[in-house]
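Worksheet: one structure, shown below.
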Number of protein chains: 2
Amino acid sequence: MYDLTIALRTDSEKCLYEQIYEYIRQEIREGKLRPGERLPSTRSLAEYLQISRSTAALAYEQLVSEGYIESRPYRGYYVCRMEELYRLDTGEEDGDADTAQTSGKRPQYRCDFSPTATDMSQFPFGVWRKINKNVLSESSSGLFAQGDSQGEYSLRETISRYLHSSRGVNCSPQQIIVGAGNDYLLLLLEKILGRHVKIAMENPTYKRAYQIFNSFAYEITTVDMDSAGMSVSGLRSSDVTAAYVMPSHQYPTGVLMPIGRRLELLKWADEAPDRYLIEDDYDSEFRYKGKPIPSLQASDKHGRVIYIGTFSKSIAPAIRVSYMVLPQALLERYRRQCAFYSTTVSRIDQKVLEEFIREGYFERYLNKMRKYYKEKHDLLLEELADFGEAFQITGENAGLHLLLTGKRGQTEEELLTAAEAVGVKVYGLSESLVEKDSGESLRQPGGTVILGYGGLGQEDIKNGLSLLRQAWL
Amino acid sequence: MYDLTIALRTDSEKCLYEQIYEYIRQEIREGKLRPGERLPSTRSLAEYLQISRSTAALAYEQLVSEGYIESRPYRGYYVCRMEELYRLDTGEEDGDADTAQTSGKRPQYRCDFSPTATDMSQFPFGVWRKINKNVLSESSSGLFAQGDSQGEYSLRETISRYLHSSRGVNCSPQQIIVGAGNDYLLLLLEKILGRHVKIAMENPTYKRAYQIFNSFAYEITTVDMDSAGMSVSGLRSSDVTAAYVMPSHQYPTGVLMPIGRRLELLKWADEAPDRYLIEDDYDSEFRYKGKPIPSLQASDKHGRVIYIGTFSKSIAPAIRVSYMVLPQALLERYRRQCAFYSTTVSRIDQKVLEEFIREGYFERYLNKMRKYYKEKHDLLLEELADFGEAFQITGENAGLHLLLTGKRGQTEEELLTAAEAVGVKVYGLSESLVEKDSGESLRQPGGTVILGYGGLGQEDIKNGLSLLRQAWL
């Protein structure tokens, strides 16, 4: 029988049974106690170590629970036979190569025309805090329970009313699925549509959506754009079953798809069963000329459009709430195949958002931001007036970015390098190209860059453009 | 030229330009204004309707934006040619068949031994509210920005410390991915592991995980269990590349996998490149005998275990925060292939959770709940004492459920039916079977039912068991 020489410490933070348990476990792991070897009885261990028998029993019980030792009736405790004992070396795991945060250092810019930045300076933090507080005080316990897979019904009702009045979307709350961001909803959509989808995307397009579809088994076909958006003849010449479009303000080109093209797309979708249009309505809230353009879904009479929108752009990027409107046929498929996926948004967050919309704060905030962003947009256009000779402006009047195309033969690369030299970050259109020749496009004359203004103040815009004037003109 | 007889209403909520815009749009949609037809000039429309010319221009601009009409230089406005005009009928969409909430009526039970229910009565709502308030007051604007794809670094640091001290998990914050629930993390894992995975699951197993893997392209093999968990010889005789296990407290059987079996599993994973063990540590916080059992990941020295845990069980179902610890090789693959997927948890929620853990509230709450659930567990066992002749109890001492197996030849179906007759809901083991013969198993003698006690009060447990005594004994 093994002789246990355990140095018990009464001044240790660990209680006695833990010390015994850990000692024996270590002896087994290091092979000093061999499989099949018998351990002292709890009585003799207790006597030997001058501890109570129940302490010894507790240590053994823990070792039994974890499978290090076993109790054989009327015979005592034995070390278990473990085929893989070789693994229980004491070597430490390799240290992690990373020493700090994952993201590397980025150069500091004097002005960053980021097309994804938004402005939170006007956000009613006080209101949000107040609603949060109210929601958490009322009937808290129920709110902490797990909610409906599709999202809370009352939030979906609120969203369906909002979508109908502001985007012309025709849908019942039953058709809406609330999820933590567009990326998640696309992951879910993959499970609804199935694995064998051939999808058409415009080129250039929203790169993240491309990366996501690419990480699916989807076969992606890029279809050329003209001034009205995705070319339907291009679509017809491919054998795709779905098309991803942003009809209200295409990213990055800013093209607004006219009703004629929308109807052609819908007709294409109608011509064969199981064809769908995925409408990403990402920044439709911000239009600075006339009324907002109704969604593509609003013209869809035969259930061909999957509509996706988000509050990340219209409220705050941290609000991880997006929504997907499914046509009836896909809704049935979702219920059959995917309804077991739990919701990704907490009930509390859903309730806060619902109150924010229902009490009219969302609409007021949107109106304020539309005006606020329009001021930035107008200032940008005004300041760009003297670029007019050298650059063509497109994609304006909506969203949070516009495009400048060089008229004097500059390549995109030259524009980017010159901007960088004066400390200004602008974004190349070729970043959004998904064909393999984006490097080539970077070096072609007539380069195009994207200027986002959502996150910049008026002074930033003025300074940034004054620097760009030095760089480019 | 078309004669526009628009009945303008000055008492309408809609401004004049909108009324004109809508009227013309309707005329086009109904085919009364034909493609190619010329519209009156803004001047003549303004004169005719007695409105300002800029109002007329605004209406036309909106119609141009949406692609209904076009402006031909020096010639005027024309209705666009739209191939698909036929679609623009005015027929209303079919009403949704559903009239109310999606979930149907469920029978009311006098007592529901749900294995997934948890008890929120002891949750420190006041503390949660306070932390929420503090987090929202401090530097709010930054918190509303989009966060790190993997989750906030400081939360991941906090989680890694917690996992190390309570579950023996060895990981750096860099290896952790925070996501909105286990289901989401599994969706992400599919993208990391790739599409062609053959996965082994125990049988019976956690049904939702089965459904999720089934919705992937994964080929699922069920491997038999013995009293130590997944059979490694069963695993070896299949050609799977991954295995999904719950070593701390298997669902539904409650089996605790001993260290020997764990090491065998790790050895199996080591024997070929790209083999992984997915450890779902779903309710490891609740163990009522001895110390908590360390995780499988704690014994993994060669980066073979993907560890998944959740706060939905240990804090509240509404807290949609789970975490996945990736071994180094998969972390690199994640960074290369999936880092563009945005985080699914808001920064605010992450911050609140981090504070809750860092300030020690989480540990205190866990200790309290462990004691509280243990009382329920002990009461249940006590009350089950007189079932001992007729039922065998297994899976006790941990988690929030245990199993009863009939010793008198009753089938599962008989047990369920008899319980239902007295208004008590218990859960059949066959629900967790993933083979096709679960119906058969339902009708075999020696049926097993699952009794969850997490959501029940002491009185409920007593009453429920007294009813079951009537039904079964």
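Overview of results
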item: Accessible area that becomes buried as B packs against A, both chains, 1.4 Å probe, Å², nearest 100; result: 8600 Å²
item: Where GluC sites (Glu not before Pro) fall in DSSP loop in region B:392-436, at most 15 other Cβ within 10 Å; result: B:E435
item: Cβ charges +1 (Lys, Arg) and -1 (Asp, Glu), total dipole of chain B, debye; result: 1280 debye
item: For region B:1-85, Kirkwood radius (reciprocal of mean inverse C-alpha pair distance, Å); result: 12.9 Å
item: Relative counts (whole %) of C-alpha pair distances in region A:364-472, using bins that are 10 Å wide; result: 15, 46, 29, 9, 1
item: Cβ-vector label at 7 Å, B:E375, separations to other copies in nm; result: 5.9
item: Theoretical FRET efficiency, 1/(1+(r/R0)^6), r = Cβ-Cβ of A:E47 and B:E440, R0 56 Å, to 0.05; result: 0.50
item: Helix-only mean residue ellipticity at 222 nm for chain B, each DSSP H run of n ≥ 4 adding -39500 (n - 2.57), per residue, nearest 500; result: -12000 deg cm²/dmol
item: Using a 7 Å Cα-to-Cβ projection, B:S121 label spacings across copies, nm, ascending; result: 5.3
item: Heavy-atom accessible surface of region A:188-241: percent carbon and sulfur, 1.4 Å; result: 42 percent
item: P(r) of the protein assembly as shown over all Cα-Cα pairs, binned every 10 Å from zero, in whole percent; result: 2, 10, 18, 22, 19, 12, 8, 5, 2, 1, 0, 0
item: Average beta-carbon neighbours from other chains, 10 Å sphere, peptide A:345-352; result: 5
item: Span from the region A:152-218 Cα centroid across to the region B:292-328 one, whole angstrom; result: 29 Å
item: Cα centroid separation - region A:404-473 against region B:5-56, whole Å; result: 41 Å
item: Calculated SAXS-style log₁₀ I(q)/I(0) at q = 0.12, 0.14 Å⁻¹ - chain A, Debye, Cα scatterers; result: -1.03, -1.30
item: Lysine pair number, Cα distance threshold 28 Å (strictly under), region B:336-473, separation 8 or more or different chains; result: 18
item: Shortest-first nm distances, A:Q337 label point to equivalent points in other copies (7 Å, Cα→Cβ); result: 2.1
item: Sparsely packed trypsin sites (Lys or Arg not before Pro) within region B:409-447, loop by DSSP, other Cβ within 10 Å at most 15; result: B:K436, B:R443
item: Overall Cα dimensions of region B:159-230, principal axis frame, Å, largest first; result: 35, 32, 18
item: Separation in nanometres of the label points that stand 7 Å from Cα toward Cβ, at B:E382 and A:Y74; result: 3.4 nm
item: Net charge contributed by nearby residues that have their C-beta within less than 11 Å of B:G309 (K/R +1, D/E -1); result: -3
item: Inter-label distance, nm, simple model (7 Å from Cα along the C-beta direction), B:A217/B:Q108; result: 5.0 nm
item: 1.4 Å probe accessible area per residue over region A:364-472, in Å²; result: 44 Å²
item: Shielding of A:177-184 by partner chains, average beta-carbon count, 10 Å; result: 5
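The values are calculated or read from the model by the stated rules, or taken from the named source; none is laboratory data. In this text the structure is predicted, and so the values were computed from the model without any measurement. Because the Cβ atoms are built from the backbone with ideal geometry, glycine has one as well, and the counts that use them run over all protein chains shown. All accessible areas refer to the heavy atoms of the entire protein, side chains included, with ligands and DNA or RNA removed. Shrake-Rupley method; radii C 1.70, N 1.55, O 1.52, S 1.80 Å.
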